[in-house]
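To start, the structure under review is shown below, and the notes come after it.
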Amino acid sequence: MKHLSILGSTGSIGVSTLEIVTAHPDRFRVVAMTAGRNLELFSRQIRQFAPRVAAVASQADVPRLKELCSGLDVEILGGIEGLIAAATADEAEMVVAAIVGAAGLVPTAAAIRARKDIALANKETLVTAGHLFMKMVAEYGVRLFPVDSEHSAVFQSIEGHRSEDIGRIILTASGGPFLNMPADQLGRVTVADALNHPNWSMGRKITIDSATMMNKGLEVLEARWLFDAPVDKIAVNIHPQSIIHSMVEYIDGCVIAQLGTPDMKAPIAYALSHPERVFTGVKPLDLTTFSGLTFLNPDLEKFPCLGLAYAAIKAGESMPAVMNAANEIAVEAFLDGRIGFVQIAQVVEATMNAHDAHDLKSIEEVLLADRWGRDTARNICQGMVH
Ligand code: NAD
Ligand code: MG
């Protein structure tokens, strides 16, 4: 029986994780969970999974959550201390890090320091502070399992191989909803258009990141840290069918890929049950039903965010943190209708241009760079005409 703490249980990854837990009550038990603002769903989850600890992001939501959970034997906490308490709960052996954005940084760091194994969905932690996180993972002797489908695919394709034999890591990308739209029409797309992802059902922020291809940029940085690979050995192939989830090319010319129906329950389950595999209910893959699997190079002019991510990692330690922060602010502004779609990349680029990269020696320094990026990006958004 593996005891789990799920950070971000009300999100897309959190809900899929709970489906796996429900399917395997003999294997997994939830001992702690956290949520942002969806108190109704969270209270239903608490009722169903009976964790010992449940924490909400805002202290102000604690009284309402207590009301919704009255009569239940659960410790209700709030604020960052509450999230940390859930991330470090004594009984938890593994923490599923599924909070979205840089907000996941501090609880995930606390979980590592408490020597919990990590199933990592929250890619922003590695994007902003990969060098510090990977050092902590080694120092505290914890295991880090990727949940992101591409990284799970790479992880599955390198098991049993020597890292020195890897030639390239090839991340696949669906290309998002605007893959075939002429670049000059991107200025007119709506929030609903951008949220209409062709293959994956995900949270709003990552869905917009997929439409701008910033998601793939974040994933290049995530792969850089997870697999200790220089970014010039990490390539991106557009693969609109999302059947090959990523590949590893070896120095002898052999390529190993992982395939499957696109459903996050598969990589989540593998992170939870590694090295064993468990039933997920994911639809079996029948390649004969596809008329073809296609691949092409990304268009960096049409999707500048991907190039910005490569530039950020080359610029120095604080730049990816600033880029990520600016992206979070720009995506929020787009979702609120304050800026247009193409302006997301413009906000990120302008914020990066205003930043002098420097080293980051601690999580506190990462949070300062994150704060600077947010403030700068907010000012830039305000000055934009939409
Ligand atoms: P989501 O928006 O659906 O859910 C996010 C969760 O985090 C929710 O439980 C929310 O309440 C909580 N949360 C949000 N802001 C918070 C804050 N400030 N403090 C505490 N909790 C907060 O997001 P998602 O799509 O599930 O993605 C979660 C993470 O997993 C992201 O980092 C994303 O990039 C990554 N990821 C998601 C998918 C996917 O299919 N959804 C795939 C790969 C990677
Ligand atoms: Mg992914």
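What follows draws every value from the coordinates through simple rules; no lab data is involved. Just so you know, these numbers come straight off a predicted model, no measurement behind them. No Cβ is skipped: glycine too gets one built from the backbone with ideal geometry, and neighbour counts run over all protein chains shown.
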*Can you tell me the relative contact order of region 178-256? Whole percent, Cα pairs under 8 Å, sequence separation 6 or more.*
16
*If you place +1 on the Cβ of every Lys and Arg and -1 on the Cβ of every Asp and Glu, how big does the dipole about the Cα centre of region 143-243 come out, in debye to the nearest 20?*
180
*Listed residues Ile268, Ile234, Ile208, most fluctuating in the chain (Gaussian network, C-alpha, under 10 Å)*: Ile234
*How do 176-188, 192-204, 104-116 rank on mean C-beta neighbours within 10 Å, highest first?*
104-116, 192-204, 176-188
*Specify which residue in the list Ser152, Ala192, Tyr250 is farthest towards the positive end of the charge dipole of the chain, using unit charges on the beta carbon of Lys, Arg (+1) and Asp, Glu (-1), about the Cα centre.*
Ala192
*Simple Cβ-charge dipole of region 314-386, Lys/Arg +1 and Asp/Glu -1, about Cα centre, in debye nearest 20*: 200
_Anisotropy class of the chain from Cα gyration tensor, a/c 1.5 cut_ = rounded
*Excluding Asp232 itself, calculate the net charge of residues whose Cβ lies under 11 Å from the Cβ of Asp232, where each Lys or Arg counts +1 and each Asp or Glu counts -1.*
+4
*Is there a pair in Lys135/Lys302; Lys123/Lys361; Lys265/Lys361 whose C-alpha atoms are over 28 Å apart, and which pairs would that be?*
Lys135/Lys302; Lys265/Lys361
*Compute the length gained on full extension between Leu195 and Thr294: take 0.36 nm times their separation in residues and subtract their Cα-Cα distance, giving the result in nm to one decimal.*
33.3 nm
*Can you list the lysines whose alpha carbon is less than 29 Å from that of Lys66, not counting same-chain residues fewer than 8 positions off?*
Lys2, Lys116, Lys205
_Could you check the spin-label model distance between His161 and Leu285? Points 7 Å from the Cα along Cα→Cβ, value in nm._
1.5
*For region 61-198, build the charge dipole from Cβ charges (+1 Lys, Arg; -1 Asp, Glu) around the Cα centre, then report which of Ala98, Ala85, Leu65 sits farthest towards its positive end.*
Ala98
*When the dipole is taken about the Cα centre of the chain, and only Lys, Arg (+1) and Asp, Glu (-1) are charged at their Cβ, what size is it in debye, to the nearest 20?*
620
